[in-house]
Amino acid sequence: MIFDDGLRLVERDGGWVLAGSAAVRFGLVNDYLGYLADRNYSPKTVRAYGYDLLGFCRWLDGEDLELAGVTTDVLLAFLRACREAKVPGRPGPNVVRLSGRRMDQYAATTINRRLAAISGLFTFAAMRDPSRKNPVPKGREARWLTSGERSGMLAHTARRPKSRSSLRLREPRRLPTALPTLEAAELLASFRTWRDRAIAGLMLYCGLRSAEVLALDVTDVDIGGRWLTVLGKGQRERRVPLDADVASVIQVYLLAERPESGSSRLFLVAKGPNRGQPLSAAGLRTIFRYHRELTGIVGGHPHALRHTFGTALAEAGVDLAVMQALLGHAHVDTTARYVHLAPTHVKAEFDAARDRLRSQP
């Protein structure tokens, strides 16, 4: 899948649009991206869908096809091209994962996200013109409930069934990867500034995502009451208890280290030409990259600290609904993945069940 520069994605007036000599042929995509922005979708989501649709439109341009001529067979050919494509900058075909998949290929999650963007595009087109047929076939309704949850105490947390395309690839279900206790402590100890300690502490002891940490305003932190007001995915707001030690670190940061600024953001750039500006996601990644190299902890990524927090809750036997509220998950099945990382709790429940069975007459 090699393309020319006749089609590209650019940021314009706060949104994302296709530009280039071939962009006029794909005006529907720009209308759709504008529709997503109008519906208050996250700018990152709009950008991601934009790049997914850019890849699709470039492929159509290379095949000399129009959006109006897309059929299910065309989508199958595009998905085949995605599976066979080589990702530049990756190790060659002789490097494979334990699953047997080559490292230079797109992951199933990436291809499925592209399919979701295409499905949304044609759903939008059918909404504007009901006579227009959606070429993305729908499969069986996705089930968000496990067999043990349908009539149990967690039945009220069930998500309404949602139809998904039968073209979706099967995705591996991986468990969250947490840091061992010693590695987490070593990584946390390597941070020297109060700001960086506070950021890592909010992830490790409060379970915040990196984007949630960067979005915190000073007024979102109640140090005296030890509460955080967090704006999570989908603009969902939640209140999270603030760890006492992390609260102390934040207080010292505010009093002794945070530069004067007109910005309301809690975490700011401390030095350089951008001093006083909100800390960016790229800046946060740079901080963690430096400390991974300093400590030699390869898995010391920001999200690994959040996974470590979730794992600790599961190990402690915290109620699943409480874990869901603390982690800000929209659906309990996402939270349930952490239960598999609590071998001590699982073994205790297993042994207790065996004892009850043995005691029965």
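Side notes on the structure shown:
- Close pairs from the range 258-276: first over 21 Å from A200 (Cβ atoms) and in contact (Cβ under 8 Å) with a residue 40 or more places away in the chain, partner hydroxyl-bearing (S, T, Y) and open to solvent by 40 Å² or more (accessible area, probe 1.4 Å), Cβ under 9 Å, at least 6 apart: S264/T219
- Candidates are the residues of the range 191-209 that are open to solvent by 10 Å² or more (accessible area, probe 1.4 Å) and touching a residue at least 12 places away in the same chain (Cβ under 8 Å); the one that is nearest to G276 (Cα to Cα) is R195.
- Selected residue [under 16 Å from R306 (Cα atoms), in contact (Cβ under 8 Å) with a residue 60 or more places away in the chain and more than 23 Å from the chain's Cα centre (by Cα)] from E212, E183: E183
- The range 229-244: number of residues that are in contact (Cβ under 8 Å) with a residue 24 or more places away in the chain and either in a strand (DSSP E or B) or open to solvent by less than 40 Å² (accessible area, probe 1.4 Å) (or both): 6
- Some residue of the range 33-40 being in contact with a strand residue (DSSP E or B) (Cβ under 8 Å, 6 or more places away or on another chain), outside any helix (DSSP H, G or I) and modelled with pLDDT under 95: no
- Matching entry among L179, L202, L208 (being at pLDDT 95 or above and in a loop (DSSP other than H, G, I, E, B)): L208
- One residue from A330, A247, A325 being farther than 19 Å from G201 by Cβ and either outside any loop (DSSP other than H, G, I, E, B) or polar (S, T, N, Q) (or both): A325
The values are calculated or read from the model by the stated rules, or taken from the named source; none is laboratory data. In this text, all values refer to a predicted model and were calculated from it rather than measured experimentally. A quick note on method: Cβ atoms are made from the backbone with ideal geometry, for glycine too, and the neighbour counts reach across all protein chains shown. What goes into the accessible areas is simple: the full protein's heavy atoms, side chains included, and nothing from ligands, DNA or RNA. Shrake-Rupley method; radii C 1.70, N 1.55, O 1.52, S 1.80 Å.
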